[in-house]
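Trainee: Here's a structure for you.
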Amino acid sequence: MKANSYHPMWYQRNRPYAKFSKQTVISHGFTGSAINEIQGRIGREWNTALDVKRVDKDDVTLDIMPEISLAFYYGAFAANGYNLFSFTNTLGEMLANTSAADIPISALKSPYPVYFIQFHKPIYWGKLEITGAYVIDEEAIPVLQVCLVIKPISETAHWLSSPSGYFYLPLSRDSEESLGNLIDKTIDAEIVNKWKHATNSMPILDVNVKDIRGQRAKRETMDLSSAKVSIKEAMGYVANCLCYLSTHDTFENELPTDAPPALLEKLATAKTDKQRHKIQSQLKSMGYLPVTYVRIKADDVNERMEIRDSVDAGRRLHWRRGHWRNQRKGKSLSETHIIWIKPTLVGEGVAQDIAREYRIS
């Protein structure tokens with residue numbers, strides 16, 4: 001994939017306050033002070049862009065309040081090491097055809113406090129594309145936070161004309177519900193909270209100012225309600241990715257396919273750690289972050305076959321869904337261990353075969 005296909009890389013390149021957001025989270029942590037600092041910086045960048053006419057005010061489509069939250073999620077991601085997981089096609093399809101609905105949230109073990117999950121293909125919300133999710137799994141915070149991100153309509157437009165939507169889902173760590181029920185209830189609660197947030201806000205007393213917060217909240221709530229199927233599908237996929245990351249730990253790091261060849265060659269031939277670090281820092285500053293590609297492991301494959309992109313194969317083959325099993329172990333069965341019961345391809349002339357994943361260099 002090219003760099004702009006990954007939301008964090010696009011965001012770093014498109015937003016002039018991305019680096020500031022990272023430094024703010026490093027300095028202030030997950031606090032209200034960090035949010036306030038980021039809000040102030042975005043406001044200054046906004047006013048400057050309009051003052052110097054980098055963008056016409058009539059072309060501004062960015063909504064500042066959601067943007068503050070999105071800048072914070074990116075800042076937390078960058079401040080915690082730019083950990084970006086990209087699930088490749090074969091493994092992604094297997095996870096998309098697996099259910100994690102019965103797993104408790106307590107069984108999930110994140111590899112980092114903050115990271116980003118890139119989907120192997122987008123999940124459509126009408127014409128919009130949900131392409132990945134920021135995950136904040138910080139022990140000091142009572143919820144596991146998932147921020148589903150939507151591909152910007154224009155990746156090259158000025159940042160004030162290039163909003164990136166998202167849907168935030170806080171999953172309570174104290175819940176005894178299964179992941180499936182917890183996700184469903186949290187989605188419903190977030191939709192209700194959209195309405196409550198507007199209707200409980202302080203009233204606008206100036207009679208010359210039209211209060212449209214209720215109308216807007218109602219519109220957003222209707223949009224979210226109609227998109228519930230898409231959000232649920234995306235969260236089901238994220239749940240499977242979280243289960244996989246909780247049970248596997250061998251991955252490979254690579255750079256985006258459009259990273260400058262000259263720098264890649266220098267990186268490959270660097271003789272000292274200092275030289276490598278300098279080149280890696282240069283690539284990061286240009287928006288080329290290392291990507292941890294999550295591929296199917298050899299021990300996750302049964303009998304193999306190659307799936308060809310043909311209409312006939314698509315008609316004959318289908319997935320028999322897999323699931324995650326929650327198994328107790330240890331003294332007094334106090335430990336939780338999750339096991340992947342993998343999906344299998346079935347159909348005409350196919351028994352229990354799994355796709356082979358080829359690596360193209």
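The values are calculated or read from the model by the stated rules, or taken from the named source; none is laboratory data. The structure displayed is predicted, hence computed values, not measured ones. All Cβ positions, even for glycine, are placed from backbone atoms using ideal geometry, and neighbour counts span all protein chains on display. We work out accessible area using only protein heavy atoms, side chains counted, and drop any ligands, DNA or RNA first. Shrake-Rupley method; radii C 1.70, N 1.55, O 1.52, S 1.80 Å.
Trainee: Do any trypsin sites (Lys or Arg not before Pro) in region 229-297 lie in a DSSP loop with no more than 12 other beta carbon atoms within 10 Å, and if so, which? Walk me through the intermediate numbers first.
Mentor: Details: sites: K232, K266, K271, K274, R276, K278, K284, R295, K297; in loops: K271, R295, K297.
Here the sparse-neighbourhood loop sites are K271.
Trainee: Pull out a ≥ b ≥ c, the square roots of the eigenvalues of the alpha-carbon gyration tensor of region 1-147, then state rounded if a/c is under 1.5, prolate if not and a/b is larger than b/c, and oblate in the remaining case. Write out the running numbers ahead of the final one.
Mentor: On the way: a/c = 2.29, a/b = 1.45, b/c = 1.57.
Verdict is oblate for region 1-147.
Trainee: Roughly how many Å is it from the Cα centre of region 52-72 to that of region 105-163, as a whole number?
Mentor: 19 Å
Trainee: Charges only on Cβ, +1 for Lys and Arg, -1 for Asp and Glu: so what's the dipole of region 62-198 about the Cα centre, in debye to the nearest 20?
Mentor: On the way: 8 positive and 15 negative charges, 61 e Å.
About 300 debye.
Trainee: Listed here are the pairs K185/K232; K22/K266; K19/K121; K2/K151; K2/K278; which of them are more than 19 Å apart at the Cα?
Mentor: Numbers: K185/K232 11 Å; K22/K266 27 Å; K19/K121 28 Å; K2/K151 14 Å; K2/K278 22 Å.
Among K185/K232; K22/K266; K19/K121; K2/K151; K2/K278, the Cα-Cα distance tops 19 Å for K22/K266; K19/K121; K2/K278.
Trainee: Show me the trypsin sites (Lys or Arg not before Pro) within region 83-191 that DSSP assigns to loop and that have at most 11 other Cβ atoms within 10 Å of their Cβ.
Mentor: Working: sites: K109, K127, R173, K185; in loops: K109, K127, R173.
Here the sparse-neighbourhood loop sites are K127.
Trainee: Describe numerically, in nm with one decimal, the distance between label points set 7 Å from Cα along Cα→Cβ at A270 and at R321.
Mentor: Placing both labels 7 Å beyond Cα along the Cβ direction yields 4.6 nm.
Trainee: Based on the Kirkwood radius over alpha-carbon pairs, what value in µm²/s does the Stokes-Einstein equation return for the translational diffusion coefficient of region 82-153 at 25 °C and 0.890 mPa s? Intermediate results must be reported in sequence, preceding the final value.
Mentor: On the way: Rh = 13.6 Å.
Roughly 180 µm²/s, to the nearest whole number.
Trainee: Enumerate the calculated ³J(HN,Hα) couplings along region 273-285 in order (Karplus 6.51 cos²θ - 1.76 cosθ + 1.60, θ = phi - 60°), each rounded to whole Hz, writing x wherever the residue is Gly or Pro.
Mentor: With the stated coefficients, region 273-285 comes to 4, 5, 5, 4, 4, 5, 5, 4, 5, 5, 5, 4, 5 Hz.
Trainee: Evaluate E = 1/(1 + (r/R0)^6) for L50 and I26, where r is the Cβ-Cβ distance and R0 equals 25 Å; express this FRET efficiency to the nearest 0.05.
Mentor: Numbers: r = 29 Å, r/R0 = 1.16.
Here the calculated transfer efficiency is 0.30.
Trainee: Further question: So what is the accessible area of region 69-200 per residue, in Å², with the probe set to 1.4 Å? Kindly include the intermediate steps, with their values, before the conclusion.
Mentor: Details: 5250 Å² over 132 residues.
It amounts to 40 Å² per residue over region 69-200.
Trainee: Restrict the search to region 1-60; then list the trypsin sites (Lys or Arg not before Pro) that DSSP places in a loop and that have at most 13 other Cβ atoms within 10 Å of their Cβ.
Mentor: Details: sites: K2, R13, K19, K22, R41, R44, K53, R54, K57; in loops: K2, K53, R54.
Answer by residue number: K2, K53, R54.
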